[in-house]
1. Under 9 Å from the Cβ of Leu318, count the other residues' Cβ atoms, weight Lys and Arg +1, Asp and Glu -1, and hand me the total.
2. Rounded to the nearest 20 debye, what is the charge dipole size of the chain about its Cα centre when +1 sits on each Lys and Arg Cβ and -1 on each Asp and Glu Cβ?
3. When the dipole is taken about the Cα centre of the range 1-107, and only Lys, Arg (+1) and Asp, Glu (-1) are charged at their Cβ, what size is it in debye, to the nearest 20?
4. Per residue, how many Å² of accessible area does the range 210-289 show with a 1.4 Å probe?
5. Once you charge only the Cβ atoms, +1 for Lys and Arg and -1 for Asp and Glu, what is the size of the charge dipole of the range 210-289 about its Cα centre, to the nearest 20 debye?
6. Scan the chain and hand back the longest stretch that contains none of the GluC sites (Glu not before Pro) lying in DSSP loops with at most 10 other Cβ atoms within 10 Å.
7. Taking the chain as the reference, fit the longest principal axis to its C-alpha atoms, fit the long axis of helix 296-325 to the helix C-alpha atoms, and give the angle between the two in degrees, 0 to 90, nearest 10.
8. Mean-square fluctuation check for the chain, GNM, Cα pairs under 10 Å: which of Ile296, Ile65, Ile163 is largest?
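The values are calculated or read from the model by the stated rules, or taken from the named source; none is laboratory data. None of the values given here were measured: they were computed from a predicted structure. Here Cβ is always computed from backbone atoms with ideal geometry, including for glycine, and neighbour counts include all displayed protein chains. Areas reflect the complete protein model, heavy atoms only, side chains present, ligands, DNA and RNA absent. Shrake-Rupley method; radii C 1.70, N 1.55, O 1.52, S 1.80 Å.
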Amino acid sequence: MKKKRILSGMRPTGKMHLGHLHGALLNWRKLQEEYECSYFIADWHALTSEYEHPDIIRESTYDIIMDWISVGLDPDVSTFFIQSHIKEHAELHLIFSMITPLPWLERNPTYKEQLRELTQKDVYTYGFLGYPVLQAADILMYKANGVPVGEDQAPHVELTREIARRFNHLYGEVFPVPDVLLTPTSKLLGIDRRKMSKSYDNAIFLTDTDEEIDKKVGQMITDPQRARRNDPGNPDICNVYSFHEIYTDPETVKRINGECRSAAIGCVDCKKVMAAGLKKGLEPVRAKRKELESDIKKVRGIMEEGDKRAREIARETLEEVRAAVKI
Ligand code: TRP
Ligand code: SF4
């Protein structure tokens, strides 16, 4: 039986942090075992919000790819490619834009939220409104059956489903209607307890050095109720504890849980234990990353190979699409 196809992408707006790792990448890695996966760099999507300062796009594209490979996404198993290298995405986007009713885009909750929240940037543009149409082109181009995304992206994939149905209804069955594979949000918050994000300056990056990790862990906000060393703490609401649950061995985690509640351990010592586990956990990732950095040619080769594979599928899809719309 043919394997089902999975596709997902990320906008290149900075290197990967632990929020990405536990919110998306480990799930992507697991999906590789069962599905035919394609993962891509959505650089045109990044341009919709970064058009005034596009340098970050080129700078972070290769950072992200190296981060992906470092955490175990395997270019021999999955296809990695760069969206803007496959011009067919632009053509499919254009065709979809003809059949997408404006109200579908205007009522999209993620769109409305971003218009409200991205106040530093002027995203009241044609391109930004059409963001999910481009996303539909990304997904349907490869006839993906499943799209692993976080909650904020679910409305976009819903719209992809509607566009697929509408296209099929107008021109005949060309596209499978893809499923949304909702990825649970990472429990790891940023060092200030807000959602981990580069723009909040609260992220721990996969490429952080030991010193950076020690410093950031030292700054982490713990149980806010625990003001003094002798106050008992509550690990259930402590972000440091969420890190322990992932990076510290289970026996020690259990001990810390008790010692926190009885104030036998202080946050400073508790953090030291956590930082040690985190550094150890990230060690293989950083080692792999160093290896890749010393062989950029190899990374380029991987991308060229991925682009080639993606382009073949994209060309076939576009031929079908052009025949269907009689252009
Ligand atoms: N919009 C996605 C994000 O910001 C990135 C993306 C672009 C994507 N095209 C996609 C994700 C297609 C999944 C499928 O995270
Ligand atoms: Fe959090 Fe550890 Fe402090 Fe308890 S002792 S509040 S788990 S940092």
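1. Details: positive: Arg315, Arg322; negative: Glu88, Glu91, Glu316, Glu319, Glu320.
Cβ neighbours under 9 Å give a net charge of -3.
2. On the way: 48 positive and 51 negative charges, 87 e Å.
Taking the Cα centre of the chain as origin, the dipole is about 420 debye.
3. Working: 11 positive and 15 negative charges, 91 e Å.
About 440 debye.
4. On the way: 4390 Å² over 80 residues.
In whole numbers, the range 210-289 has 55 Å² accessible per residue.
5. Numbers: 15 positive and 13 negative charges, 30 e Å.
With only Lys, Arg, Asp and Glu charged at Cβ, the dipole is about 140 debye.
6. By the stated rule (loop sites, at most 10 other Cβ atoms within 10 Å), 174-327.
7. 40
8. Most flexible of the set in this elastic network: Ile296.
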